[in-house]
Amino acid sequence: MKGDISISGTRDKLIQSIKPVYKGTGVVYTEPTRDHFVFLMVDSKVVVDKQLWYLSEEGVTITITRNTVTNAFLGGRGLFQQKLEGKGCAVLKVPMPAHEIHRIPLYDERVCVDGTFTILRTGSVELDAALAGDDAFQMVMNTTGEGLLQTFHGTGEIWVCPTYGLYPRPPERGFEDDVGKAIGGAAKATLEYSVNLGKKMSSKKKLEKKAKAEDK
């Protein structure tokens, strides 16, 4: 950090933590990264994929929007996404260079994307996800995203990144992950209890068999 810059903190209600606020004139240096930074002017609702938001001006608020179960499961977006509202500049951290992002404006139009590489939508653009094909079982079992048709409709803009799958993605941590870990932990505890109970029952049977043999 260089220049006349002051640092204060603000509480992030989403993750219950303190985020730094920088004010003044100067330069703030980020940590080294192989990712790329893209500037975005926010003047309406913007919905972005998890972990893409990096920083923004104070006039931009960051909250969570909940997707429908269908869009979460078939659309590959997860149950929750980040929503930016207000007015100001925001910075997104993306794995690909900015020139590989196709910004497609929509004017009360409909666009279909075969895959899960749309990372952002703005304005009144909404998402509907569905299976593209007759063999539903095959589509559900396909984990590559092929055959999952995403339909965007409304007025605004979408960002489509055809090369998204070529770049490594950071490990995600969110509500779905916590739920998954909780379920996994409960299953593990149940399994361990069943194994221990089985061992106890086996030992009890051995002792009973030994006692009967000694009586004879």
Taking first residues from the range 2-16 that are farther than 30 Å from GLN81 by Cα and modelled with pLDDT of 60 or more and second residues anywhere that are surrounded by 10 or more Cβ atoms within 10 Å (Cβ to Cβ) and hydroxyl-bearing (Ser, Thr, Tyr), the pairs with Cβ under 8 Å that are 6 or more apart or on different chains are ILE5/TYR22; SER6/TYR22
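Conditions tested, residue by residue: (1) at pLDDT 55 or above; (2) farther than 20 Å from ASN67 by Cβ; (3) open to solvent by less than 20 Å² (accessible area, probe 1.4 Å).
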{"position": "VAL111", "(1), (2), (3)": "yes, no, no"}
{"position": "GLN150", "(1), (2), (3)": "yes, no, yes"}
{"position": "PRO162", "(1), (2), (3)": "yes, yes, no"}
{"position": "GLY180", "(1), (2), (3)": "no, no, no"}
Picked from the range 55-105 (must be of a type in the set (Asp, Glu) and either over 20 Å from the mean Cα position of the chain (by Cα) or over 11 Å from VAL42 (Cα atoms) (or both)), the residue modelled with the lowest pLDDT is GLU58
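The values are calculated or read from the model by the stated rules, or taken from the named source; none is laboratory data. It should be emphasised that the depicted structure is a prediction, and the values quoted were computed from it without experimental measurement. Note that we place each Cβ from the backbone using ideal geometry, even for glycine, and neighbour counts take in every protein chain shown. Heavy atoms of the whole protein, side chains included, go into the accessibility calculation; ligands, DNA and RNA do not. Shrake-Rupley method; radii C 1.70, N 1.55, O 1.52, S 1.80 Å.
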